[in-house]
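These notes are about the structure you will find just below.
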Amino acid sequence: KTSGVVAIMLTLAMSFSPSIVHAATFDAGHGQTSGAPGVGQNHTFGFNLPEDLSESEYIDISFYGISPVSVSNDEFTVQSGLDYTDVDVSINGEEQLLTDTITAGTGININVSEIGDGVVVQLIVNGGQATYSQGEAVIIKIGTNATNGATGNKQIVNPENTGTAEVAVQIDTNAGSPGYEHETNTSSESMNITASVPEVGTVVLFGAS
C-alpha cells in the first residue's frame, strides 16, 4: 500500500448544449500518485464540494489509460465483482448510505464500469437524499481500504505496461438538463505506473500541494 504527496493539475471540462455551461476547477487530493504495473490498488480521494450536489447529480472518478492508449495493456481494469461494497463515501465526517441501484430513497448510487480506454466509478445522488452543500468535505475510498459496513475485497487494477496515466474527478451538477444551469468541475492529475514504487509517503487532502 503506497501513497504520495499529490500535485494537482487543474483542467477545464466543457459540456454539451443546450445547457448553459459554467466550467470551473477545484483541488482534489488523490492519495495515490504511483503504482506497480498489473496489480490491484486502493485509492483515496479528498476534496470540498465546489457546488451544491442534489438529486440525480453525480461525481465521476475516471481512471484513464496510459497515453496514448495503443494496446489493452495500457488500460486500467476492475477486478470482477467490484461494486458499492468496495467503496466508502464520507461527507463532513458522516459515512453515507451506498446503493447498487438508483432509488427514490436516501444515499448515493455507485456504478462501476469499464468504458473505452478506462474505468469510471460514478456516484449518483439518489432521489430522496437531501442536497449536499457547497464546501462540504468529501472523502471517497475505493478498494480494500473501504471498511464501512462490508469491507471491500476488490480493487482497480493498474495497466500492465509502465508509463503515465491520468486520474480525474469530475462533478456534474444539474446533469445538463434543458433549462437548467449546467456546471462541470474537474480536477485531474498524473499517476505513474512504474516497477519502482515508494513504500511510504504522505497523503495530502483538501487543497493538496
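Values quoted throughout were computed directly from the atomic coordinates according to the rules given, and no laboratory measurement underlies them. No experiment lies behind these values; they were computed from the predicted model shown. With ideal geometry, Cβ positions are generated from the backbone for all residues, glycine too; neighbour counts draw on all protein chains shown.
At 0.36 nm per residue, and after removing the present C-alpha to C-alpha distance, how many nm does the segment from residue 103 to residue 72 gain when stretched out fully?
7.7 nm
Across the range 99-174, Cα pairs under 8 Å and at least six residues apart give a relative contact order of 18 percent. Modelled spin-label separation between residue 80 and residue 144, with each label point placed 7 Å from Cα along the Cα-to-Cβ direction: 1.9 nm.
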